Every structure is written in C-alpha cells, then in structure tokens.
Amino acid sequence: MRRYEHKMDSDDIVDRLRYVAGYFDIAGDVRIEKGTRLCVSIDRPLESRANLMRIKEMFGGLVLPATRGRCAWKVYDDDAKRFIRYVKPHTWIKKRQLEVAEGV
C-alpha cells in the first residue's frame, strides 16, 4: 500500500483491505491486456467514484472517466501484483482468480 501505511494503525489498514476486497469480490476483474500486461480493475456506478479514488490512493493506477453512468479503476503490472498480494487474503468470491493471477 502507498500513503496509508504511515498514517494508520494495523487494524485500520486491515479494515480498509477488507473493504477493498469486498469491492473487488463484487465488481473486480483480473485479466491480461495487450498480450502481456497484468490488469486488475473494479467497475462501479458513477456514484462510487469517490471510493475508487480512495483505492487509487492506496494502490496507484487510474480512475477512468465515467461512461454510461459507470466508472472504473485500473492498475497494471507491478502495482497489480501488489494489489493482489495485499487484497487476496481478504477476498472470498474471487480468491481463486487472484491466485491464478499471482502466477502470471
């Protein structure tokens, strides 16, 4: 994680990771883009943009402009691997997807 590590105690960090893992379980995806780039993304309604911005602060990446009432956060390569390492222990539904992506 990036900025939050020095500002929060470990319980707060775990709570945030669980929250992000819940978001990922609901609307996240892992894939390979352009043949070689590992990509983790979360696609949500426009009303969730502020939450996606917080995830961006934690893990980097970018929040894509809204289209059709939705917005998305994406992170690639090393930042995607860091996201997987921190969030995977807290996922339920998509844990296997993250395990497979770890091997890429």
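Things to note:
- Each residue, Arg68 and Ala50, gets one label point 7 Å from its Cα in the Cβ direction; the gap between the two is 2.6 nm.
- Of the residues Trp92, Thr36, Tyr76, the one whose Cα sits farthest toward the positive end of the charge dipole of the chain, with +1 on the Cβ of Lys and Arg and -1 on the Cβ of Asp and Glu, is Thr36.
- When percent of Cα pairs over 16 Å apart is computed from the coordinates, the matching label among (i) 58; (ii) 54; (iii) 67 is (ii).
Readers should treat all values here as calculations from the given coordinates under stated rules, not as data from a laboratory. Please read all numbers here as calculations on a predicted model, not as lab measurements. Note that each Cβ is placed from the backbone with ideal geometry, even for glycine, and that neighbours are counted across all protein chains shown.
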